[in-house]
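The values are calculated or read from the model by the stated rules, or taken from the named source; none is laboratory data. Please read all numbers here as calculations on a predicted model, not as lab measurements. Quick reminder, even Gly has a Cβ in these numbers, built from the backbone with ideal geometry, and neighbours come from all protein chains shown.
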Amino acid sequence: MSEPLIRVLGPVEVQAPGRSPVSPAPSVRALLARLAGSPGRVMSADALTDALWGEELPADAANALQIRVSKLRRVLASAGLDAAVLTTRAPGYQLTLPPEAVDAHRFDKAVARARTAADQDTALAAYDEALGLWRGPALADVGETDWVRAERLRLEELRLAALEDRLELLVGTGRHAAVVGELESMVAEHPLRERLHRLLMLALYRAGRQADALAVEQRLRHRLAEELGIDPSPDLRALTEAILRQEIPPATPAAPAMPAATPAAPSVAVPARLSSFLGRDADLRTTLQELRAARLVTLTGPGGVGKTTLSLETARLVEPAIADTVHIIRLAALAPDADVAEAFAAQLGVQTPGPGASAAEAVAEHLKQRRALLVVDNCEHVVDAAAVVVDHLLQATTDVRVLATSREALAVAGETQIAVGPLAVPDETAAADAIAASPAVRLFLDRARSVRPGLQLDADAARAVASICRRLDGMPLAIELAAARAKALPPAEIADRLRDRFALLTAGPRSSEARHRTLRATIDWSHDLLPEGERRLLRRLAVFRGGWTLAAAEQVCGFGGSEPADIPDLLFRLVDQSLVTADPGTGRFRLLVTIREYAWMKLREAGEEDDCRRRHLAHCIAMAEQHGPLVRYTGPAWDLLVEDQDNLRAAIEFCIERTAESPEPGLRLAAALVPFWNYGPRYEGVRAITALLDRGGSDVARARALQGLALLYVYYPTPESRAAARESLALFTALGLDHEAAVSRIVVAFEGQYGGDPDEHRALIRRSREDLGDQDHGWWHAMTYYVEALINLRCSEFEDSVRDWRRSLDLLGAADDRMMSSAARAHLGVALRQTGRLEEALAQLRSAADECRAYGSLHGLAFALVHLAHTRLDLGQTERVPAELAEADEISRRVRNPRNPAWAAWGRARLALTRGDAAAAADDLRRALELLEDREFPWARDQLRAAYAAAAGH
């Protein structure tokens with residue numbers, strides 16, 4: 001060894017050339033490991049203190065960090081390194097070693113060499129070199145801070161991926177018999193990892209064990225259905241069918257290092273392609289090639305050039321070497337000043353503690369352990385904010401790649417730009433066959449024949465189409481708009497109209513600005529050919545964000561010269577003209593970004609912007625008031641509001657913008673959306689209601705908004721939410737609104753689950769129960785028992801809690817509320833467990849988890865899983881516990897839930913004790929205590945403290 005080495009792939013060690021490795025003292029291992037994660041980079045003091053202590057900072061964090069730095073310098077010197085390799089440099093400290101001095105970086109490089117090796121033997125040698133660097137679990141002796149846990153998981157995922165790559169190579173090159181045993185062991189250790197199952201199935205089949213291969217798929221299918229409620233991936237199902245038909249090709253020893261047979265395709269959530277992909281094969285190859293080498297690739301070019309189409313086709317073809325999963329992040333519906341980080345979080349299903357940097361950090365945390373490709377579409381109108389979020393994600397993760405589309409580059413370090421140009425256009429004097437083969441003409445013909453199937457391309461028509469494509473500069477959107485006219489006009493007439501309109505654009509260089517003018521002129525041309533009714537509807541549709549239904553278009557756009565009954569026919573004509581995009585599968589419509597911008601300009605020119613936005617707001621209020629309360633019940637209400645979330649946000653923004661106007665509509669809309677926000681984006685609701693309350697409003701509207709604000713905080717009340725609940729109660733009481741006052745009493749009583757006088761809270765509940773009776777389908781009556789059961793659970797009155805949970809469940813079942821039923825069932829399971837009725841508890845918790853999966857209740861699912869795992873541990877049934885705890889941890893991380901990770905850590909501690917590992921148990925129990933704080937029932941905290949004391953004193 002000719003250079004120093006810091007080892008983190010196992011216990012942390014330092015080794016100088018010619019010296020024995022030295023293990024640092026426990027107090028400085030985490031500091032060395034954190035610095036080794038970014039060799040050569042300055043780590044801020046804040047980042048280091050956060051990594052070392054998290055939220056439990058010492059009294060003088062800066063001084064404590066300096067002491068550890070001094071200790072680490074002494075360790076480095078004692079190991080034979082120059083202490084100066086750890087330098088002080090504002091705003092923190094720098095480990096002045098090359099990346100190759102850290103074994104994790106050597107591992108990454110060796111894996112990269114393996115994946116690009118020219119032959120199998122070279123690839124195998126590189127994989128063996130990489131995996132040989134591991135001496136046990138990564139960061140094995142560093143402790144359990146949040147950073148260590150996340151980094152350990154990330155490194156372990158990289159190790160597993162490299163192991164899978166190596167096994168893939170062996171199976172694909174005829175050495176399947178040698179790896180069957182290893183694969184069987186790994187499948188047992190990682191029972192939900194599909195790629196390992198696929199490789200084992202291939203190895204068994206090629207070893208002549210077809211029945212055993214099919215049995216592997218059957219076991220995985222049953223496990224996925226029972227534990228996750230999902231089916232195996234389409235790729236695995238296809239492999240099963242191929243095995244049944246005995247159509248698996250034999251191994252090919254001469255194949256490249258990454259075998260092509262049945263590749264482990266990424267999980268891609270990309271919309272199905274509804275039309276052909278033409279003329280971009282070279283661009284597609286270039287984009288895939290650049291994504292292999294760079295973590296940020298931006299497709300640039302003018303609107304309508306086909307950036308989105310190219311990005312989606314790339315996502316469909318992305319290979320495992322680039323990413324395991326693909327996510328589409330659409331920014332088109334955002335307002336220019338929107339919070340881009342929150343848009344990322346919402347579309348990734350990550351709940352955030354707040355906007356801006358908090359949301360960006362939550363997204364980064366969610367992606368840290370993933371090999372993911374994010375396709376970020378339409379950045380141009382929010383390019384600065386998008387650049388900040390993308391830059392943060394790339395710096396905070398190691399295996400995330402971004403493929404962005406924008407009219408201008410993001411200008412982020414490491415960005416690779418691909419200019420997406422127009423399609424190649426033919427010479428009008430060429431032969432008809434040559435013209436027909438050009439990309440631009442192929443696109444025109446494909447789209448034209450979709451509206452005029454019999455269109456033929458004789459010599460005259462070929463010249464006309466070539467002229468159209470040339471005058472439109474080969475711009476795909478412009479060509480598609482022109483092709484839509486083939487339904488009524490022959491190519492020659494389309495060309496004539498273009499020649500008259502675009503005479504001034506034929507001279508001069510074909511600069512970017514010229515292409516913009518051509519596209520705008522093309523839309524102008526299409527717009528000017530429309531009858532007045534279609535023009536009117538097109539501009540009014542710009543008020544929608546993210547799409548709309550036919551009924552919505554009738555309600556919002558049917559005024560001032562257009563009756564609601566006229567809208568369907570006008571809308572379908574716009575679809576025929578390729579100006580509106582329809583999705584027959586969902587019954588929704590949308591405008592492409594360029595056309596929406598154009599239509600919005602026309603809306604303003606017509607002086608109809610305010611009228612349309614007010615009608616859009618009225619539509620959103622009606623929708624929220626109709627469907628908002630129904631999200632509690634079985635039915636489509638939740639899905640309908642999710643589909644229109646962008647429209648609802650736009651309506652809220654409109655209310656907040658109009659500070660001089662009455663706040664009543666905004667408060668009314670917000671109050672109606674509280675049930676939706678409560679099951680989903682709670683912070684979004686808090687922010688909207690807080691902003692609207694600042695505008696004033698009537699006592700009734702304010703009371704409802706205050707009640708809604710308190711409802712969004714019932715599980716984690718704050719001083720502000722407690723004050724809002726009491727103010728709403730006072731207002732409703734003064735107004736004589738008895739039903740609303742009874743609801744506010746229940747909201748106030750929710751605080752009793754964590755503290756206060758239980759008898760006082762029970763009195764509030766019982767009064768509300770009398771006032772409410774069976775109104776609202778008995779839902780609020782059910783909630784009185786729900787809250788009283790929570791209070792009984794807090795007070796260790798478990799039998800009373802069981803009784804009240806059962807009453808609540810009966811009433812919620814009659815109200816057909818599956819969401820709250822699942823929550824009540826999970827808590828019933830907890831209460832039954834505390835009474836010793838473990839089998840009953842297990843059944844209730846299992847049923848709760850199934851219901852939460854079915855109805856998308858992530859908070860509820862994580863809660864049910866951790867308590868299901870603890871109940872299994874009570875019964876001595878440990879097989880499924882690790883998977884349940886891991887899933888609960890993952891979900892809790894996504895939804896930012898502070899309680900369930902504590903129970904998960906407690907569960908891992910109990911597992912460690914079954915293995916006789918008291919030290920690991922004590923670490924997990926300490927973490928559980930740190931996380932739980934005061935957010936749990938007193939008896940649970942007491943049990944946890946007792947468990948920690950026993951483990952720590954072992």
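In region 146-165, the residues that are within 18 Å of Arg193 (Cα to Cα) reach residues that are surrounded by 20 or more Cβ atoms within 10 Å (Cβ to Cβ) and of a type in the set (Val, Ile, Thr) with C-beta atoms within less than 7 angstrom, at least six apart or across chains, in these pairs: Ala162/Val111.
Applying the set (1) of a type in the set (A, V, I, L, M); (2) touching a residue at least 12 places away in the same chain (Cβ under 8 Å); (3) over 29 Å from Ala162 (Cβ atoms) to Ala101 leaves exactly one unmet item: (3). Of Leu541, Leu579, all but one fail to be touching a Cys at 6+ places or on another chain (Cβ under 9 Å), under 30 Å from Gln645 (Cα atoms) and at pLDDT 75 or above; the exception is Leu541. Only one entry of Leu571, Leu641 meets the criterion of being under 25 Å from the mean Cα position of the chain (by Cα), of a type outside the set (Phe, Trp, Tyr), assigned to a helix (DSSP H, G or I) and under 17 Å from Phe544 (Cα atoms), and that entry is Leu641. So, in region 718-754, of the ones that are in contact (Cβ under 8 Å) with a residue 24 or more places away in the chain and in a loop (DSSP other than H, G, I, E, B), which residue ends up nearest to Pro353 (Cα to Cα)? Looking at residues that are in contact (Cβ under 8 Å) with a residue 24 or more places away in the chain and in a loop (DSSP other than H, G, I, E, B), I get Tyr754. Scanning region 5-57 for residues that are more than 19 Å from Ala150 (Cβ to Cβ), of a type in the set (S, T, N, Q) and touching a residue at least 40 places away in the same chain (Cβ under 8 Å) yields a total of 3.
Is it fair to say Arg722 is at pLDDT 90 or above, surrounded by fewer than 24 Cβ atoms within 10 Å (Cβ to Cβ), closer than 20 Å to Leu790 by Cβ and of a type in the set (D, E, K, R)? Spelling it out, Arg722 is indeed at pLDDT 90 or above, surrounded by fewer than 24 Cβ atoms within 10 Å (Cβ to Cβ), closer than 20 Å to Leu790 by Cβ and of a type in the set (D, E, K, R). For the criterion of being within 20 Å of Ser38 (Cβ to Cβ) and part of a loop (DSSP other than H, G, I, E, B), Gln395 fails.
Can you say whether Arg825 is surrounded by fewer than 24 Cβ atoms within 10 Å (Cβ to Cβ) and at negative phi, as far as the supplied structure shows? So Arg825 does not fit the description; no.
Within the span defined as region 139-156, one or more residues are under 20 Å from Arg41 (Cβ atoms) and either aromatic (Phe, Trp, Tyr) or more than 33 Å from the chain's Cα centre (by Cα) (or both). Name the residues in region 526-568 that are small (Gly, Ala, Ser), part of a loop (DSSP other than H, G, I, E, B) and over 15 Å from Leu603 (Cα atoms), would you? Listed by number, the residues that qualify are Gly546, Gly547.
Screening the candidates Arg219, Arg209, Arg135 for the property of being among the basic types (Lys, Arg) and more than 28 Å from Glu887 (Cα to Cα) yields one hit, Arg209.
Within region 577-611, the residues that satisfy the criterion of being assigned to a helix (DSSP H, G or I) and surrounded by 15 or more Cβ atoms within 10 Å (Cβ to Cβ) are Val593, Thr594, Ile595, Arg596, Glu597, Tyr598, Ala599, Trp600, Lys602, Leu603, Glu609, Asp611.
Scanning region 755-777 for residues that are at pLDDT below 80 and buried (at least 16 other Cβ atoms within 10 Å of the Cβ) yields a total of 2.
Considering region 89-127, and only residues there that are closer than 30 Å to Leu76 by Cα and among the basic types (Lys, Arg), the residue that is modelled with the lowest pLDDT turns out to be Arg89.
Rundown of residues vs (1) within 30 Å of Ala831 (Cβ to Cβ); (2) touching a Cys at 6+ places or on another chain (Cβ under 9 Å), yes/no style:
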site	(1), (2)
Asp646	no, no
Arg658	no, no
Leu669	no, yes
Asp694	no, no
Gln707	yes, no
Ala723	no, no
Ala734	no, no
Ile746	yes, no
Ala749	yes, no
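On the basis of being surrounded by fewer than 22 Cβ atoms within 10 Å (Cβ to Cβ) and closer than 26 Å to Glu189 by Cα, does Leu842 make the cut? Yes.
Do we have any residue at all in region 385-397 that's on the phi < 0 side of the Ramachandran plot, out of contact with any Ser or Thr (no Cβ under 8 Å at 6 or more places or on another chain) and at pLDDT below 90? No, region 385-397 has no match at all.
Inspection of region 895-914 finds no residue satisfying the criterion of being closer than 18 Å to Ala150 by Cα and among the hydroxyl-bearing types (Ser, Thr, Tyr). Taking region 284-380 and the strands (runs of 3 or more DSSP E) fully enclosed by it, the elements with 2 or more residues that are crowded, with 22+ Cβ neighbours inside 10 Å, outside the structural domain of Glu643 (by TED's automatic domain parsing) and touching a residue at least 60 places away in the same chain (Cβ under 8 Å) are at 296-300, 372-377. With the condition kept exactly as written, say whether any residue in region 426-439 is part of a helix (DSSP H, G or I), exposed (fewer than 15 other Cβ atoms within 10 Å of the Cβ), at negative phi and not aliphatic (A, V, I, L, M). Yes, there is a match, as at least one residue in region 426-439 is part of a helix (DSSP H, G or I), exposed (fewer than 15 other Cβ atoms within 10 Å of the Cβ), at negative phi and not aliphatic (A, V, I, L, M). The residue that is farthest from Arg927 (Cα to Cα), among those in region 24-41 that are assigned to a loop (DSSP other than H, G, I, E, B), out of contact with any helix residue (DSSP H, G or I) (no Cβ under 6 Å at 6 or more places or on another chain) and of a type outside the set (A, V, I, L, M, F, W, C), is Gly40. Counting only helices (runs of 4 or more DSSP H) wholly contained in region 824-900, the ones carrying 1 or more residues that are among the hydroxyl-bearing types (Ser, Thr, Tyr) and at pLDDT 90 or above occupy 838-855, 858-875.
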